[in-house]
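The values are calculated or read from the model by the stated rules, or taken from the named source; none is laboratory data. Everything numeric in this text was worked out from a predicted model, so none of it was measured. No Cβ is skipped: glycine too gets one built from the backbone with ideal geometry, and neighbour counts run over all protein chains shown. Note: areas computed on protein heavy atoms with side chains; ligands, DNA, RNA excluded. Shrake-Rupley method; radii C 1.70, N 1.55, O 1.52, S 1.80 Å.
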Amino acid sequence: MKLALKVTPGAKRNEVLGWEDDYPQVGRVLKLKIAAPPVEGKANKEIILFLAKSLGLPKSAVELVHGTSGRIKLAEIPDGTDLSALEQ
């Protein structure tokens, strides 16, 4: 399944801020703060690790398929993944 993300890199710590509905051109997005800086793919790697750990998935099961250089990203995760761990 596809998961739209709005990411703020360079934060103090990794955290889920919650869902934002009706984001322009994307629809519903999950807002994240990521501690890694947005250089040399460090933030993207941290997003994959953070989502995998939060959802109880191996890191190989999470892939960024779009938006690797922007704040809005599209992640691919296995169908049927329980997203309740991301709820606050």
- [ ] Look at LYS33 and say whether it is crowded, with 16+ Cβ neighbours inside 10 Å, among the basic types (Lys, Arg) and free of Cβ contacts under 8 Å to residues at least 60 places away in the same chain.
- [x] yes
Open item on the list: Please determine whether any residue of the stretch 46-62 is in a strand (DSSP E or B) and either polar (S, T, N, Q) or under 13 Å from the mean Cα position of the chain (by Cα) (or both).
Closed with: no
Open item on the list: Tell me yes or no: at least one residue of the stretch 9-20 is at positive phi, surrounded by fewer than 16 Cβ atoms within 10 Å (Cβ to Cβ) and either among the polar types (S, T, N, Q) or not in a loop (DSSP other than H, G, I, E, B) (or both).
Closed with: yes
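For ALA43, indicate whether it is part of a loop (DSSP other than H, G, I, E, B) and open to solvent by less than 40 Å² (accessible area, probe 1.4 Å).
Values: part of a loop (DSSP other than H, G, I, E, B): no; open to solvent by less than 40 Å² (accessible area, probe 1.4 Å): yes.
Taking the combined requirement at face value, the residue does not satisfy it.
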Open item on the list: Quick check on VAL16: is it at pLDDT 95 or above, under 10 Å from the mean Cα position of the chain (by Cα), hydrophobic (A, V, I, L, M, F, W, C) and closer than 15 Å to MET1 by Cα?
Closed with: no
